[in-house]
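**Q** Here's a structure for you.
Please treat every number below as a calculation from the coordinates, not as lab data. Given the structure is predicted, the values throughout are model-derived calculations rather than measurements. Cβ coordinates were reconstructed from backbone atoms using ideal geometry, including for glycine residues, and neighbour counts include every protein chain displayed.
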Amino acid sequence: MGGVWTSGAALIAETWHPTRRGKGGALMQMGLPVGAVAAIVMSGIVSSVNGGLAGNGWRLLFLIGALPVFILYWVARKTPESPIWLQQQREGRNTAQRERTRLSKGNVRGLLTAFTFVFFLQYLYWGVFTWTPTFLVTVKHLDFIHSLKYVLALQFGALAGFLLFSALSDRVGRRPVFIAYLLVGAAAVGVYIVATEPVWLMIGLFLTGFGVNGIFAGAGPFLAEIIGNTASRGFLMGLAYNGGRLGGFAAPLVIGAIASSSGGFALGLATTILAFIAAAIVVVFSPETRGKELA
């Protein structure tokens, strides 16, 4: 999945016009909450029909989840190649040229910025989305089926976040939209953690999805633009995005360890606030890349 994301994000960045690249990246990423909503609905259906996900219920759900691979294969076969990549092939850039470009000062600086930014975004995403179902059941005392509607609120918030990001990022720039989303997400996680009333919990989860998931709408265009002009764009974007998954690896472990201690779940999820602050610092010190030409 990480490899497919990298290829798709690079393709979108190199195909869409610079003035609409943010919208293209957001629309691509919007498939995530749409797919998640479909998975949640399917999970509820399989659970109801099977009397839960125990036994063969989860196996059936996994088999259904494998079906999109066949659709993706057909889409990949029908999708045109990036014109920038085709131009590079026509110019016959050799391996030595690509290596020199890959290791240029600008690329290394952009790679480190992209990696750090994605690290904290992945911490936020996996910290919140991994533990939300368990948090709702063990702390908010909801049963599995009732917790699904709150998880759906999280995904619908993400969908709204992607749509708004697609409308704003090419108009006002990447940095201000990133900062706004991080502020909304940090406030929403705080509400989600302390909320006791169902309506506030629903609002907190919706806005958490809006900020935490919605900010990924700009990840693909931002990575492509900050890494710069390079024949190795796909490689470096993959290195930054999937290397940044170390944050996603750390988040469930850190939050789970704190949740199982005297600190509890609330304190564990509160560590995401630090990740919000860290991500905002990275954005503040990053250049604005809106409308940047790629080659």
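**Q** Would you please put 66-75, 35-44, 13-22 in order of how densely packed they are, using the mean number of other Cβ atoms within 10 angstrom per residue and starting with the highest? Intermediate results must be reported in sequence, preceding the final value.
**A** Details: 66-75: 9.8, 35-44: 15.8, 13-22: 19.5.
Ranked by mean Cβ neighbours within 10 Å, highest first: 13-22, 35-44, 66-75.
**Q** Could I ask something else about it? Strictly over 32 Å apart at the Cα level, which of K23/K149; K78/K149; K23/K78 would you flag in this model? Each step should come with its number before you reach the end.
**A** Numbers: K23/K149 29 Å; K78/K149 36 Å; K23/K78 22 Å.
Checking Cα-Cα distances, K78/K149 exceed 32 Å.
**Q** Compare the Cα positions of F119, A39, Q88 along the charge dipole of the chain (+1 at Cβ of Lys, Arg; -1 at Cβ of Asp, Glu; about the Cα centre) and return the one farthest towards the positive end.
**A** Q88
**Q** Rounded to the nearest whole Å³, what is the per residue volume of the convex hull around the Cα atoms of the stretch 2-284? Don't jump to the answer; show the numbers that get you there.
**A** Numbers: hull volume 39.1 nm³, N = 283.
Normalising the Cα hull of the stretch 2-284 by residue number yields 138 Å³.
**Q** Something else: Considering every pair of different Cα atoms, what Kirkwood radius, in Å, is found for the stretch 153-295?
**A** Working: mean 1/r = 0.0614 Å⁻¹.
Evaluated over the stretch 153-295, this radius sits at 16.3 Å.
**Q** Treat each spin label as a single point 7 Å out from the Cα along the C-beta direction, and report the V172 to I277 distance in nm.
**A** So the two model labels end up 2.4 nm from each other.
**Q** With a 10 Å cut-off between alpha carbons and a GNM built on the chain, which of G51, G127, G173 moves the most?
**A** Looking only at G51, G127, G173, the biggest GNM fluctuation is shown by G51.
**Q** Moving on to the next point. Over the stretch 176-295, what relative contact order in percent results from Cα pairs under 8 Å that are six or more residues apart? Kindly include the intermediate steps, with their values, before the conclusion.
**A** Numbers: 97 pairs, mean separation 37.2, N = 120.
Relative contact order here is 31 percent.
**Q** Continuing with the same structure: For the stretch 219-267, what is the convex hull volume of the alpha-carbon atoms per residue, in Å³? If you can, show how the numbers build up before the last one.
**A** On the way: hull volume 3.3 nm³, N = 49.
Enclosed volume per residue, from the Cα hull, is 68 Å³.
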